[in-house]
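The values are calculated or read from the model by the stated rules, or taken from the named source; none is laboratory data. Since the model is a prediction, treat every value here as computed from it, not as a measurement. Because the Cβ atoms are built from the backbone with ideal geometry, glycine has one as well, and the counts that use them run over all protein chains shown. Areas reflect the complete protein model, heavy atoms only, side chains present, ligands, DNA and RNA absent. Shrake-Rupley method; radii C 1.70, N 1.55, O 1.52, S 1.80 Å.
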Amino acid sequence: MECLSHGWKQMGSISLWRYAENTSNYPGWNISADSTGADSLIELLHCLKSDGTGATRTVLLTPPDSSLLAIPNNKGGKAKYIAAEKLRLLVSDNTSTWYFPSEASLVPLTFGSDWFDALEQGLARIKPHQGDYSIGSSSEDQLQLWFW
């Protein structure tokens, strides 16, 4: 079944944050979602893939709560963090692109088609609590994405 990203409706709770201290543990962005939110993001990825190059959509985010922060357990779940308010996904025409900078409020993730499977697998593994790994690279404008 094909879909179009402009017809996608967000459901569930999705959180995106990065740590402001003890950044050697889990450098980059961290993402988690409830089961409905993970399914919703996976559906969005399918829609973006159908739309192809230049497809974009913005996702509204919920700050992580203490039970979610306890999963990576950075500094006993007490590490200071910066939560994003929105995540903008953009499909690049360069298949290998991974651009994920450290902006805090509206975070852009520009990625090429080479990343669709890794993103979908990471989101699918959130639901059965099989996260604790990352994708992407580790430089100033290409931060990793940790799944929890």
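A few notes on this one:
- Sequence-distant residues sharing a close amide H with Gln142 (under 5 Å, placed H): Phe100
- Paramagnetic reach from Asp132 in segment 47-85 [backbone N under 16 Å; point 7 Å along Cα→Cβ]: 68-77
- Qualifying GluC sites (Glu not before Pro) for segment 18-92 [loop in DSSP, other Cβ within 10 Å: at most 15]: Glu21, Glu85
- Of the residues Lys75, Lys127, Lys86, the one that moves most in a GNM of the chain with alpha-carbon contacts below 10 Å is Lys75.
- Structure remark: mean-square fluctuation, Gaussian network model of the chain, C-alpha springs under 10 Å; the largest value among Ile14, Ile31, Ile135 belongs to Ile135.
- Using heavy atoms of the protein chains and a probe of 1.4 Å, the accessible area assigned to Arg125 is about 100 Å².
- Dipole magnitude (debye, nearest 20) for the chain, charges at Cβ of Lys, Arg, Asp, Glu: 420
- Reach of Lys78 by Cα under 24 Å, taken over lysines that are not fewer than 8 positions away in the same chain: Lys86, Lys127
- Shape class of segment 1-43 from the alpha-carbon gyration tensor: prolate, with a/c at 1.5 or above and a/b greater than b/c.
- Rounded to 10°, Cα long-axis angle of helix 116-126 versus longest principal axis of the chain: 50
- Computed over the chain, the quotient of the alpha carbon radius of gyration and 2.2 N^0.38 Å is 0.97.
- Pairs of Cα atoms nearer than 8 Å and 6+ residues apart set the relative contact order; for the chain it is 26 percent.
- Modelled spin-label separation between Asn25 and Ser96, with each label point placed 7 Å from Cα along the Cα-to-Cβ direction: 3.4 nm.
- For Leu106 and Gln142, the FRET efficiency from 1/(1 + (r/R0)^6), where r spans their Cβ atoms and R0 equals 25 Å, is about 0.90.
- Here the mean projected area of the convex hull built on the C-alpha positions of segment 26-100 is 5.7 nm².
- Sum of side-chain charges, Tyr19 neighbourhood, beta-carbon under 12 Å (Lys, Arg +1; Asp, Glu -1): +3
- Portion, in percent, of the accessible area of segment 63-148 that falls on carbon or sulfur, probe 1.4 Å: 47
- Modelled spin labels at Thr36 and Ser67, positioned 7 Å past Cα toward Cβ, are 1.5 nm from each other.
- Cα long-axis angle, helix 35-51 against the chain (0 to 90 degrees, to the nearest 10): 40
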